[in-house]
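Since every read-out is calculated from the coordinates, none of them should be taken as a lab result. Note that the structure is predicted; figures quoted are calculated from it, not measured. Every residue, glycine among them, receives a Cβ derived from its backbone with ideal geometry; neighbour counts consider all protein chains shown.
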Amino acid sequence: MEPFSVHVSDEVLDDLRLRLARTRYTTAAPGEPNAAGISPRYLKELVAYWLDGFDWRAREAYLNEHPQFTVELEGAVVHFVHQRSTNPDARPILITHGWPYSFAEMLPLADELRDFHVVVPSLPGYGWSDLPTAGPVVPNRTAETWNSLMAELGYDRFLTYGEDIGGGVSDWLAALHPESVAGIYAPHAAFPPAERRNDLLPVESEFFEWLDAVWKGGEAYSQQQATRPDTLAAGLADSPAGLAAWIIEKFGEWSDGDGTAESRFTKDQLLTTVMIYWVTNTIGSSFRPYYDDVHKPPLPLIHVPAGVTVQQHERKYPREVAERTYTDLRYFSRLPSGGHFTAAEEPALVAAGLREFVATL
């Protein structure tokens with residue numbers, strides 16, 4: 001295990017500035033701004049700020065305020081934050097991000113949880129974590145790596161929390177290692193596999209119908225990442241403006257705001273995540289969980305104590321759906337605000353709900 005700090009060379013930053021200065025912009029499609037994707041007008045404004053207002057060295061300093069390390073597990077390097085509480089008897093919690101996140105979106109929650117020992121790894125193929133040397137990148141496999149990571153850190157019992165892809169990893173960790181996981185707290189709670197969707201209650205059917213309507217027309221990104229990731233990555237790895245457009249569109253669509261990313265995030269926050277993808281050249285490898293999803297087995301029942309809090313992006317999720325996966329559901333609540341990027345949008349609310357759940361253990 002080695003200490004790690006973020007430091008991007010001046011050469012990489014100089015190359016980035018040249019690319020940004022040469023950005024070509026498209027003509028907006030007809031209709032409302034952002035209806036056809038990120039507005040070219042906004043993208044031009046963002047790139048101008050990226051060139052003349054964004055201070056990457058200040059953002060590096062912010063990231064490096066959080067103790068970071070790397071360790072080799074199963075032949076691949078895993079990057080992670082390990083922020084210990086001043087209380088040596090504090091509970092450990094493992095927090096996993098998703099796509100198009102980085103570990104940076106989890107840091108506001110980590111900072112709220114000073115009464116816990118917090119571990120925030122970067123998913124395989126994201127940021128400074130390597131892809132596995134062979135085999136599919138599926139959540140059950142990542143869960144095994146995370147269990148090894150926590151053992152390496154000396155934690156034989158811990159809590160787990162995840163969002164988006166990280167939510168699936170968290171679910172599998174709880175399912176595969178009940179001897180390690182003392183409880184799972186889920187803001188992106190599991191959807192049961194097909195074999196556990198028999199005899200849906202009306203409230204469950206209504207939820208899935210509503211969710212299908214919400215996502216109608218919005219799944220093209222997932223299909224592209226799952227079927228032609230290399231073609232897509234060829235453009236995004238070469239154009240920082242294109243990369244920003246692909247990522248930041250989702251921060252606008254999926255957060256609990258007015259449909260624009262900056263209704264919930266600052267330019268500095270958004271560009272920090274884009275920068276992490278850019279300087280590590282990991283947008284292509286970040287698509288692997290989508291491409292390898294066909295190899296993912298059905299999620300089994302989870303028997304460890306569970307807490308579910310429903311964020312606004314899935315606000316109609318009913319308790320009955322949760323109970324099809326979590327057999328020991330001890331806590332169920334709904335956040336009054338906060339969308340898909342739950343920990344980054346409402347870290348204090350998430351931390352408060354987590355503590356309420358922990359009180360049931």
Inset, instruction - Give the residue from Thr227, Pro240, Val214 lying farthest towards the positive end of the charge dipole for region 204-312; charges sit on Cβ (+1 for Lys and Arg, -1 for Asp and Glu) and the dipole is referred to the Cα centre. - result: Pro240
Inset, instruction - Any lysines with Cα under 22 Å of the Lys44 Cα? List them, leaving off those in the same chain fewer than 8 positions away. - result: Lys250, Lys267
Legend entry - Per-bin percent of Cα-Cα distances, the chain [20 Å]: 30, 60, 10
Inset, instruction - Work out the charge dipole of the chain with +1 on the Cβ of Lys and Arg and -1 on the Cβ of Asp and Glu about the Cα centre, then indicate which of Asn281, Thr133, Thr86 is farthest towards its positive end. - result: Asn281
Legend entry - Amide H partners (placed H, <5 Å) of Arg91, local residues excluded: His117
Inset, instruction - Take the alpha-carbon centre of region 283-329, take the same for region 209-276, and report the distance between them in whole Å. - result: 21 Å
Legend entry - the chain - charge dipole about Cα centre, Lys and Arg +1 at Cβ, Asp and Glu -1, debye rounded to 20: 340 debye
Legend entry - Kyte-Doolittle mean at least 0.0, axial Cα span of 15 Å or more - DSSP H helices of the chain: 165-176, 202-215, 240-254, 267-280, 347-358
Legend entry - Value of [θ]222 nm, deg cm²/dmol, for the chain, DSSP H segments ≥ 4, -39500 (n - 2.57) each, nearest 500: -12000 deg cm²/dmol
Inset, instruction - Please state the charge dipole magnitude for region 86-217, taken about the Cα centre, from unit charges on C-beta atoms (+1 on K and R, -1 on D and E), reported in debye and rounded to the nearest 20. - result: 180 debye
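Can you give the longest run of the chain that contains no trypsin sites (Lys or Arg not before Pro) sitting in a DSSP loop with at most 12 other Cβ atoms inside 10 Å? Each step should come with its number before you reach the end.
Working: sites that count: Arg22, Arg24, Arg157, Lys216.
After excluding every exposed loop site, the longest remaining stretch is 217-361.
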Inset, instruction - Have a look at the DSSP beta bridges in region 18-130 and tell me what percent are antiparallel, nearest 5. - result: 70 percent
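Please state the shape class of region 140-205: rounded when a/c is under 1.5, otherwise prolate if a/b exceeds b/c and oblate if not, all from the C-alpha gyration tensor.
Numbers: a/c = 2.60, a/b = 2.49, b/c = 1.04.
Prolate.
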Inset, instruction - Would you give the gap between the C-alpha center of region 5-26 and the C-alpha center of region 160-181, rounded to a whole Å? - result: 36 Å
Legend entry - Computed Rg/Rh of region 205-361, alpha carbon atoms with Kirkwood Rh: 1.00
